[in-house]
Amino acid sequence: MEKKKNGVRVILFPLPLQGCINPMLQLANILHSQGFSITVIHTRFNGPKASNHPLFTFLEIPDGLSESQINDEPTSNVMSLLAQINVNAESPFRECLQKLLLEESEKVSCLVDDCGWLFTQSVAESLNLPRLVLSTFKATFLNAYPILPRIRTKGYLPVSDSEAEDSVLEFPPLLKRDLPRIFGEDGEKLDPFLDTIVDTTMRSSGLIFMSCQELEKDSLTLSNEIFKVPVFAIGPFHSYFSASSSSLFRQDETCIHWLDNQEDKSVIYVSLGSVVNITESEFLEIAWGLSNSKQPFLWVVRPGLVLGAEWIELLTEELVRSLEKKGKIVKWSPQQEVLAHRAVGGFLTHNGWNSTLESICEGVPMICLPGGWDQMLNARFVSDVWRVGIHLEGKIERKEIEKAVRMLMVESEGEKIRGRMNVLKDEVGRSVKDGGSSFRSIAALTNHILSL
Ligand code: UDP
């Protein structure tokens with residue numbers, strides 16, 4: 001879909017998290033392929049590697065974080081770092097953008113940034129620059145922002161055992177048992193952030209989703225009604241461009257050679273993404289569950305994943321010996337390549353939206369172990385709506401993990417799930433092909449940006 005340069009520049013500003021940087025740089029590639037020139041403004045914290053993207057201009061701004069904050073904080077504190085950056089980065093961002101607008105020779109049509117930036121709409125307005133919002137969440141989740149404070153105070157919490165299976169009427173297909181992990185311990189602190197995000201999105205010039213009509217048609221229509229701005233669902237971004245070049249961690253390629261030696265659809269891939277943390281006992285339960293399942297597995301244990309541990313030193317020698325018979329453990333994988341490998345037959349995932357989409361696009365059924373926030377909703381869609389996965393319902397217990405792995409990988413129920421996943425994969429695949437809904441949305445987005 002490569003087009004001639006159109007002499008118009010777009011400025012992008014990713015939120016500094018792996019799950020937000022990947023889609024923003026993929027979007028940069030999509031827009032570049034439509035003829036736009038690209039400038040990426042980024043914080044020092046989790047800054048992307050400019051040399052991996054020679055076609056774009058990169059500008060770094062200070063974020064006010066100290067070295068020890070960046071290096072020593074567990075990823076579970078990443079939300080507090082983001083809150084600080086949202087304050088610290090405002091002035092440097094304004095100065096950088098102002099300078100760029102003065103010096104740039106090409107027409108700068110708009111800013112595209114993450115819905116999680118709280119100050120960018122005001123800065124863009126003060127400089128008369130239109131702003132488009134990228135949501136790295138499913139549209140169904142962003143649509144709930146205006147009502148989340150009401151759901152929190154409605155009296156659902158705390159959730160009793162007898163009510164855990166009840167639906168949240170205002171927010172289907174969520175169950176009441178999902179709510180505590182959305183709101184955490186001090187959910188009221190979220191309210192001002194949600195208000196700001198709703199307000200700034202409504203003042204924006206458009207909303208871009210990495211999603212498609214085939215996955216959430218009604219929600220996309222609703223997004224347009226709620227936020228009252230043009231909505232562009234341009235499909236799973238990695239269908240157009242891989243996320244590998246924006247990886248913040250070194251991807252261990254040896255796992256691909258290991259997969260080459262495994263049988264078709266025999267391997268369960270396990271990864272909980274870049275932010276989720278688990279406790280020591282949860283880590284050991286997953287290890288025993290995988291070992292007892294007797295299925296080959298590829299397990300990403302990100303350094304820092306296990307609270308209080310460097311990496312896998314908590315595994316006993318006996319457990320390591322047992323795990324090594326069937327599996328491979330790596331610190332970080334080339335995930336898209338792994339999911340596309342013929343040997344991978346299942347994905348035990350935290351259901352981040354990127355991971356969920358990547359799994360759907362490769363037709364890999366899932367075992368859902370969501371950690372919090374939008375992952376709770378993504379997991380419900382996977383298990384209860386699309387029925388392309390098994391939900392662990394938060395039970396990180398060796399027996400449950402062993403049972404789910406065997407059910408998905410070797411039992412007849414797994415075959416049915418795989419069949420439904422293949423249908424969903426084909427539907428989503430068609431949307432990004434010439435003439436498909438996402439493909440047409442890219443053309444609409446291009447025209448919209450040119451008209452600003
Ligand atoms: N990822 C990867 N290697 C890994 C684990 C994850 O490249 O070992 C990538 C994955 O392909 C996805 C991103 O990291 O693009 C994680 O985003 P997601 O939204 O799934 O979860 P988050 O990390 O934001 O919780």
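The values are calculated or read from the model by the stated rules, or taken from the named source; none is laboratory data. In this text the structure is predicted, and so the values were computed from the model without any measurement. Cβ coordinates were reconstructed from backbone atoms using ideal geometry, including for glycine residues, and neighbour counts include every protein chain displayed.
Among the candidates 52, 71, 77, 29, single out the residue that is surrounded by fewer than 15 Cβ atoms within 10 Å (Cβ to Cβ) and either among the acidic types (Asp, Glu) or closer than 25 Å to residue 241 by Cβ (or both).
Every option except 52 fails the conditions.
So residue 264 passes all but one of these: (1) within 16 Å of the ligand (Cβ to nearest atom); (2) part of a loop (DSSP other than H, G, I, E, B). Which condition number does it fail?
The one condition residue 264 does not meet is (1).
If you check 205, 211, which single one turns out to be touching a Cys at 6+ places or on another chain (Cβ under 8 Å), among the small types (Gly, Ala, Ser) and surrounded by 17 or more Cβ atoms within 10 Å (Cβ to Cβ)?
Of the residues listed, the single one that is touching a Cys at 6+ places or on another chain (Cβ under 8 Å), among the small types (Gly, Ala, Ser) and surrounded by 17 or more Cβ atoms within 10 Å (Cβ to Cβ) is 205.
Only one of these is within 13 Å of the ligand (Cβ to nearest atom), under 18 Å from residue 361 (Cβ atoms), surrounded by fewer than 21 Cβ atoms within 10 Å (Cβ to Cβ) and not basic (Lys, Arg): 271, 246, 242. Name it.
From the options 271, 246, 242, the qualifying one is 242.
Could you list all residues from segment 160-208 that are in a loop (DSSP other than H, G, I, E, B) and of a type in the set (Lys, Arg)?
203 - this is the single residue of segment 160-208 that is in a loop (DSSP other than H, G, I, E, B) and of a type in the set (Lys, Arg).
Looking at residue 22, is it closer than 27 Å to residue 373 by Cβ, modelled with pLDDT of 95 or more, within 16 Å of the ligand (Cβ to nearest atom) and polar (S, T, N, Q)?
Taking the combined requirement at face value, the residue satisfies it.
When both residues are 6+ apart or on different chains and their Cβ atoms are under 9 Å apart, which pairs have a first residue that lies in segment 271-284 and is of a type in the set (Ser, Thr, Tyr), and a second that is within 16 Å of the ligand (Cβ to nearest atom) and in a helix (DSSP H, G or I)?
Close Cβ pairs (under 9 Å, with a partner that is within 16 Å of the ligand (Cβ to nearest atom) and in a helix (DSSP H, G or I)) amount to 271/335; 271/338; 271/355; 274/18; 274/19; 274/75; 274/78.
For segment 311-319, state whether one or more residues are within 15 Å of the ligand (Cβ to nearest atom), closer than 21 Å to residue 399 by Cβ, touching a Ser or Thr at 6+ places or on another chain (Cβ under 8 Å) and not basic (Lys, Arg).
At the first step, the residues of segment 311-319 found to be within 15 Å of the ligand (Cβ to nearest atom) are 311-312.
Next cut, closer than 21 Å to residue 399 by Cβ only: none.
Within segment 311-319 (the criterion being within 15 Å of the ligand (Cβ to nearest atom), closer than 21 Å to residue 399 by Cβ, touching a Ser or Thr at 6+ places or on another chain (Cβ under 8 Å) and not basic (Lys, Arg)), the answer is no, since none of the residues qualifies.
Of all residues in segment 250-261 being part of a loop (DSSP other than H, G, I, E, B) and touching a Ser or Thr at 6+ places or on another chain (Cβ under 8 Å), which is farthest from residue 334 (Cα to Cα)?
252
Take the residues in segment 271-318 that are farther than 25 Å from residue 407 by Cβ, of a type in the set (Gly, Ala, Ser) and over 20 Å from the mean Cα position of the chain (by Cα), then tell me which one is modelled with the highest pLDDT.
Going through the qualifying residues, I end up with 309.
Six or more apart or on different chains, Cβ under 9 Å: which pairs go from a residue in segment 126-150 that's under 28 Å from residue 108 (Cα atoms) to one that's crowded, with 24+ Cβ neighbours inside 10 Å and acidic (Asp, Glu)? Could you list them?
The qualifying pairs are 131/113; 132/113; 133/113; 134/113.
Just to be sure I understand the filter: pairs with C-beta atoms under 7 Å, separated by 6 or more residues or on different chains, first member in segment 248-267 and at pLDDT 95 or above, second member among the basic types (Lys, Arg). Which pairs pass?
252/331; 255/328; 258/328; 264/342
Suppose we filter segment 335-384 for residues that are out of contact with any helix residue (DSSP H, G or I) (no Cβ under 7 Å at 6 or more places or on another chain) and free of Cβ contacts under 8 Å to residues at least 24 places away in the same chain; how many remain?
Counting residues in segment 335-384 that are out of contact with any helix residue (DSSP H, G or I) (no Cβ under 7 Å at 6 or more places or on another chain) and free of Cβ contacts under 8 Å to residues at least 24 places away in the same chain gives 2.
Any idea which of (1) closer than 22 Å to residue 256 by Cα; (2) more than 11 Å from the ligand (Cβ to nearest atom); (3) in contact with a strand residue (DSSP E or B) (Cβ under 9 Å, 6 or more places away or on another chain) is the one residue 307 doesn't satisfy?
(1)
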